[in-house]
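Take a look at the structure below.
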Amino acid sequence: MSADEFPPLFAAPFDRAGTGSAKWARATAPGVIPLGLADMDLPGPPAVTEALRRRADHPAYGYTVCDPAGRELVARWYRTRHGAEVDPDWVVLLPCGPRTALRVLLEAVRPQAPLAFPTPEWGGFAQLCRAARLPYRELPLPLGPDGYHLPDGPLPGPTSAVLLSSPHNPSARVWPAEELRALSQRAAEAGALLVSDEVHGDLTHPGHRHPVAVTTVDPELRPRTVTLNSVGKTFNCSGLPSAFALVPDPALRARFTEELAGYGLWEGGLLEQTVQRAALSEGGPWLDALLAHLTRARDRLTRLLGPAVPSAPQSSYLLWLDAAALGLPPVGAERALLERCALEATAGDAFGPGGEGFLRLDYALPGPLLETVLERLARLGRS
């Protein structure tokens, strides 16, 4: 596949120099390509750029109120992109990122028992629990021939909340709806709230369907379920923190918004609403082109790396790799990949137990840079 087979917007080189990119700050030597942070090296939607430009043209940047139409816009997005019926009343529009939203949500829940989450899993859950001084349990994810599966069986003891990244981060697996429903039932039996972090859900690849937690669980369990999402990952604008939550339980929703106010956070936000409105109302065609680009990149990488990919990505732009199958040492694989290929990755142990001996790579790259990464990874098969 040549570069001109990529969608035109993503085929050209894209330079982030001078933008203060946290991802490229990880490139600690000349020639190193950083692939460790889940952040796209691709131009975002023109509609978002234009909306920010229009808003900046008006020199009034004071307090704003929440646009009630934003809730219906979120509900319409779920209906058109996922075939999911979301009640606009469930929607809480947040002027903060998903991690902050989760922390405040847990403050509203006031956990009396430990939290639980699967591993390997996004390290932010463990970090958040430690910072909030909340005890937690890690639930090992079974790894089968077709990838990871959600843990089965009862939860180990009383549990306040089960935290889940859906799709899975780091492997980019889309959890089957029946597994999600079964987990929600086990959470309810343990007295737990199921909190599904779905910031990669809109990046589900063609041929797969993302199960939105609050509309996938049995209707009687919806009050015990919360979905968190954001336009940040989907539309490559994570530097403008915003999120939205789907909270079907009115009492929990009221406690959540009251807790937010205690931190000086109110629904809406000047830039947040500008970005969300433009992304959700006009960003669909851009997202379709992005997904076409990502699936082509995914296919080339998985063909090249073969058995080193234990769980083929079904969403997002994350690749979970078995270091030993790449010919890298299970201990120190991150350093070895950097030394041999000048590629920076995230070590698997950052994702908790079960992540040892793995690496996570981000392949949301413009065509020319992807070609370079493929050439460097091919060296591993020749060494």
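Inspect all residues belonging to the stretch 268-276 and state whether any of them is on the phi > 0 side of the Ramachandran plot and modelled with pLDDT under 95.
First, pick out the residues of the stretch 268-276 that are on the phi > 0 side of the Ramachandran plot: 268-269.
Add one more test, that the residue is modelled with pLDDT under 95, and what stays is 268-269.
Within the stretch 268-276, one or more residues are on the phi > 0 side of the Ramachandran plot and modelled with pLDDT under 95.
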* Structure fact -> Reported set for the stretch 364-379 where residues are over 19 Å from residue 7 (Cβ atoms) and either among the basic types (Lys, Arg) or buried (at least 19 other Cβ atoms within 10 Å of the Cβ) (or both) is 376, 377, 379
* Among residues belonging to the stretch 283-304 that are out of contact with any Pro (no Cβ under 7 Å at 6 or more places or on another chain) and within 13 Å of residue 44 (Cα to Cα), point out the one that is surrounded by the most Cβ atoms within 10 Å (Cβ to Cβ). => 290
* Asked: What's the number of the condition residue 47 fails, among (1) assigned to a loop (DSSP other than H, G, I, E, B); (2) more than 21 Å from residue 319 (Cα to Cα)?
  -> (1)
* To do: Please work out if residue 141 is within 18 Å of residue 182 (Cα to Cα) and open to solvent by 10 Å² or more (accessible area, probe 1.4 Å).
  => yes
* Of all the helices (runs of 4 or more DSSP H) wholly in the stretch 237-311, which have at least 2 residues that are within 27 Å of residue 19 (Cβ to Cβ)? -> 270-282, 284-305
* To do: Might you check whether a residue that is in contact (Cβ under 8 Å) with a residue 12 or more places away in the chain, under 26 Å from residue 301 (Cβ atoms) and aliphatic (A, V, I, L, M) occurs anywhere in the stretch 189-202?
  => yes
* Structure fact -> Per the filter on the stretch 342-360, residues open to solvent by less than 50 Å² (accessible area, probe 1.4 Å) and either in contact with an Asp or Glu (Cβ under 9 Å, 6 or more places away or on another chain) or of a type in the set (Phe, Trp, Tyr) (or both) are 344, 345, 346, 347, 348, 351, 352, 354, 355, 357, 358, 359
* To do: Would you mind telling me which numbered condition in (1) modelled with pLDDT of 95 or more; (2) open to solvent by less than 10 Å² (accessible area, probe 1.4 Å); (3) touching an Asp or Glu at 6+ places or on another chain (Cβ under 9 Å); (4) within 26 Å of residue 52 (Cβ to Cβ) residue 233 fails?
  => (2)
* **Tally of residues being closer than 19 Å to residue 132 by Cα, open to solvent by less than 50 Å² (accessible area, probe 1.4 Å) and in a loop (DSSP other than H, G, I, E, B) across the stretch 102-120** => 3
* Quick one: is residue 92 within 17 Å of residue 273 (Cα to Cα), touching a residue at least 24 places away in the same chain (Cβ under 8 Å) and surrounded by 10 or more Cβ atoms within 10 Å (Cβ to Cβ)? -> yes
* Can you tell me how many residues in the stretch 305-341 are open to solvent by 50 Å² or more (accessible area, probe 1.4 Å), without any contact (Cβ under 8 Å) to a residue 24 or more places away in the chain and among the small types (Gly, Ala, Ser)? -> 1
* Hey, could you check the stretch 68-101 for residues that are touching a Gly at 6+ places or on another chain (Cβ under 8 Å) and part of a helix (DSSP H, G or I) and say which is farthest from residue 362 (Cα to Cα)? => 70
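The values are calculated or read from the model by the stated rules, or taken from the named source; none is laboratory data. Everything quoted here is computed from the prediction, not taken from an experiment. For neighbour counting, all protein chains shown are included, and Cβ atoms are generated from backbone atoms with ideal geometry for every residue, glycine included. For accessibility, only protein heavy atoms count, side chains too; no ligands or nucleic acids. Shrake-Rupley method; radii C 1.70, N 1.55, O 1.52, S 1.80 Å.
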